[in-house]
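The values are calculated or read from the model by the stated rules, or taken from the named source; none is laboratory data. Just so it is clear, the structure is predicted and the values come from calculations on it, not from any experiment. Ideal geometry is used to build each Cβ from the backbone, glycine not excepted, and the neighbour counts take in all protein chains shown. To get the accessible areas, we keep the full protein, side chains included, count just its heavy atoms, and leave off ligands, DNA and RNA. Shrake-Rupley method; radii C 1.70, N 1.55, O 1.52, S 1.80 Å.
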Amino acid sequence: MEAAGRLFFGSGFARVSMDDLARELGMSKKTIYRHFPDKRSLLAAVLDRQFAAVERTLVAAAEDAAGQPFAVRVQRFLIAAGSELGRIGAPQLATGRGDAMLRQYVEQRVDAVVYQRLDELFREGHQQGLLPAPPELLSEITRGALERLLMSELPRDLDWTAADLLRATVDTVLYGAIRPPGQGIDDEQPRAVIPTARDDEQEMGG
């Protein structure tokens, strides 16, 4: 599985054959087929192992951030999640062409390991009165931002590290969403004023 993981994540699942893996391991394909009936089942085993490592990292990040302010807990969780998903190439596997069953499998594993934990974190913040916005909305926004960022060329274009961009993403998503402790949900909140066309015309005319 270690050798298969190196090949699958290095060259891409579609480009690696069982012949390539057999050469890498110095054994016959027949020996590999004793353990895995086909390439897809081998990849599933590799991904299970990878997602188990992702889960351990996220649990450790949550434990390290325990007792910290809510914003710090969210930031550390997302940075850990983004780093791990980027390391195993999960966004590319989930959105890539080819094997529909593989895409569905990866999406399900990412949802179970990462996003269900994120949903719980946002619900907790909402219950504590720290998030006036619906937690479901914040989850959708954050999922989209994280996945898009991992697929983009921004780290290279901006010459930023992925961790720096993830921090900026989290700050952007959550800025203004976290209510100071002790403030109730119904308390007056400052809101952005979106100018209407009439406002623009009056400003230009005045």
Calculate, for D171 and D111, the FRET efficiency according to 1/(1 + (r/R0)^6) with r their C-beta to C-beta distance and R0 35 Å; round to the nearest 0.05.
0.90
In a shell of Cβ-Cβ distance under 14 Å around L137, excluding L137 itself, what net charge do Lys and Arg (+1) and Asp and Glu (-1) give?
-1
Given points 7 Å out from each Cα along the Cα-Cβ axis, report the R56 to Q104 separation in nanometres with one decimal.
3.0 nm
Can you tally the net charge around V16? Count Lys and Arg as +1, Asp and Glu as -1, for every other residue whose Cβ sits under 10 Å from the Cβ of V16.
0
Kirkwood Rh and Cα Rg combined as Rg/Rh, the range 26-155:
1.06
Apportionment of accessible area to carbon and sulfur, the range 1-145, percent (1.4 Å):
51 percent
Q128 paired with D157, simple spin-label distance in nm, labels 7 Å along Cα-to-beta-carbon
3.5 nm
